[in-house]
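Colleague: First the structure, which I've put down as C-alpha cells, then a few questions once you've had a look.
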Amino acid sequence: LAEVTAGADVIFTVVTDDAAQRGLFRARGDSLLVGAKGRVFVNCATVSPETHVASAQAAAKAGARTLEACMASSITQARAGTLYL
C-alpha cells in the first residue's frame with residue numbers, strides 16, 4: 001500500500017466494506033498513510049459514515065486530505081461502465 005501512495009498525488013480507493021477501508025488507513029504496518037503527507041485520497045466505497053470520518057481523521061493526522069465520493073448504482077452498472085460518483 002505504501003508503494004501506491006509513493007507513486008501518486010491523488011489516490012482513488014474502492015473497497016467492499018468498512019473493514020477493508022479501515023485496513024487501507026491503519027496507523028501501523030503497510031498502509032496508504034505511509035508517506036501520505038500532501039496526498040489526496042478520494043474514497044469511493046459505500047461504507048458507514050463512521051468509517052469515512054475515521055479514514056479522514058487518520059489521513060489528516062498523516063498530513064493528507066480526503067474526499068468522500070461514494071459510487072451510486074450496483075454491480076450491473078459497474079459491468080456496463082455506467083457507475084457515477
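The numbers here are math on the coordinates, done by the rules we state, and not lab data. All of these numbers come straight from a predicted model, not from anything done at the bench. As a convention, Cβ positions derive from the backbone with ideal geometry for all residues, glycine included, and neighbour counts pool all protein chains shown.
Colleague: Rounded to the nearest 500, what is the 222 nm mean residue ellipticity of the chain from helices alone, with -39500 (n - 2.57) per DSSP H run of 4+ residues and division by all residues?
Modeller: Computed mean residue ellipticity for the chain: -9500 deg cm²/dmol.
Colleague: Indicate, rounded to the nearest 5 percent, the antiparallel portion of the DSSP beta bridges found entirely in the chain. Present the calculation step by step, with values, prior to reporting the outcome.
Modeller: On the way: 1 of 9 bridges.
About 10 percent, rounded to the nearest 5.
Colleague: Once the Cα atoms of helix 49-61 and of the chain are each reduced to a long axis, what angle between those two axes, in degrees from 0 to 90 to the nearest 10, is obtained?
Modeller: Once rounded, one gets 30 degrees.
Colleague: For a quick check: with amide H placed at 1.01 Å from N, whose amide H comes under 5 Å from Phe12's, ignoring anything fewer than 5 positions away on the same chain?
Modeller: Hits under the 5 Å cutoff: Val42.
Colleague: Under unit Cβ charges (Lys, Arg +1; Asp, Glu -1), what dipole magnitude, rounded to 20 debye, does the chain have relative to its Cα centre? Write out the running numbers ahead of the final one.
Modeller: Values: 8 positive and 7 negative charges, 39 e Å.
Using only the charged Cβ atoms, the result is roughly 180 debye.
Colleague: Summing +1 for each Lys or Arg and -1 for each Asp or Glu, what net charge is found among the other residues whose Cβ lies under 12 Å from the Cβ of Val47?
Modeller: Values: positive: Arg22; negative: Asp17, Asp18, Glu50, Glu68.
Taking every other residue near Val47 into account, the sum is -3.
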